[in-house]
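Engineer: Below you will find the structure I want to go over with you.
The values are calculated or read from the model by the stated rules, or taken from the named source; none is laboratory data. This structure is a prediction, so every number in the text was calculated from the model and none was measured. Here the Cβ positions follow ideal geometry from the backbone for every residue, glycine too, while neighbour counts run over all protein chains shown. Accessible surface is based on the protein model in full, side chains and every heavy atom, while ligands, DNA and RNA are left aside. Shrake-Rupley method; radii C 1.70, N 1.55, O 1.52, S 1.80 Å.
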Amino acid sequence: PNEYDSALSKWIIDQRQKLLPKMTYIQDSTSDEAKTNDLSLVSAKTKIDKLNKPGFVWFPHEVLWNKRFKQLGEYVEKNGHALVFRSDEDTYIGLAAWVSRQRRQFRIKNTSANNSNRSSLTDARIDALKNLGFVWDIAENRFEQKYFELSTYKNRHGDCLVPYCYHDSNSLGVWVSD
């Protein structure tokens, strides 16, 4: 990045910090008279309107989250699950790290009432991820998968004595022996 990019970035951040509170007030205020009599609000509204014309992004984190969410949806469509692995990074650059961040934010949100404010994961985002079949706890998910495999094995063979190198699933034998 050159000097111009850095200055522009600082200016954009400054505009967000100065204008977002006023934008919220303008949207929430019920008194049109108060909006038109306060010159700082009139000036802010003019600036907000100017910035909105070319498509100024007020909430860049929201845009990035939505982009990653869309990418996860494409991943689920192609792979049939939402378990993104680091080995998928060649095709889905950055998605595995984003998925890990969502799990971390979920844990923060659910650790205690005080931490829920520190999490960027909203209830709406949680619902959206759940609708994609998002796996919040990988260890729990793995247990459930292996338990299902073990139940299937028991139904076929009448016991749970899975050989270490079971031909239908090498990892089931290893899992049972652990």
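Engineer: Tally time: how many residues in segment 73-104 are in contact (Cβ under 8 Å) with a residue 24 or more places away in the chain and either closer than 27 Å to residue 118 by Cα or of a type in the set (Phe, Trp, Tyr) (or both)?
Structural biologist: Adding up the residues that qualify gives 9.
Engineer: Collect the residues in segment 57-77 that are exposed (fewer than 14 other Cβ atoms within 10 Å of the Cβ) and assigned to a loop (DSSP other than H, G, I, E, B), keeping them in residue-number order.
Structural biologist: 57, 59
Engineer: Residues 141, 131: which one is touching a residue at least 24 places away in the same chain (Cβ under 8 Å) and under 17 Å from residue 72 (Cβ atoms)?
Structural biologist: Unique residue meeting the criteria: 141.
Engineer: Any idea which residue in segment 164-178 is least open to solvent (accessible area, probe 1.4 Å), counting only those that are assigned to a helix (DSSP H, G or I) and free of Cβ contacts under 8 Å to residues at least 12 places away in the same chain?
Structural biologist: If we take residues in segment 164-178 being assigned to a helix (DSSP H, G or I) and free of Cβ contacts under 8 Å to residues at least 12 places away in the same chain, then 173 is least open to solvent (accessible area, probe 1.4 Å).
Engineer: Condition test on residue 115, is it surrounded by 12 or more Cβ atoms within 10 Å (Cβ to Cβ), at pLDDT below 90 and under 19 Å from residue 75 (Cβ atoms)?
Structural biologist: Considered against the rule, which asks whether it is surrounded by 12 or more Cβ atoms within 10 Å (Cβ to Cβ), at pLDDT below 90 and under 19 Å from residue 75 (Cβ atoms), residue 115 comes out as no.
Engineer: Could we say that residue 145 is polar (S, T, N, Q), touching a Ser or Thr at 6+ places or on another chain (Cβ under 6 Å) and surrounded by 10 or more Cβ atoms within 10 Å (Cβ to Cβ) here?
Structural biologist: When the stated conditions are applied, residue 145 does not pass them.
Engineer: Hey, does segment 78-93 have a residue that's within 10 Å of the chain's Cα centre (by Cα), open to solvent by 50 Å² or more (accessible area, probe 1.4 Å) and either farther than 27 Å from residue 16 by Cβ or among the polar types (S, T, N, Q) (or both)?
Structural biologist: no
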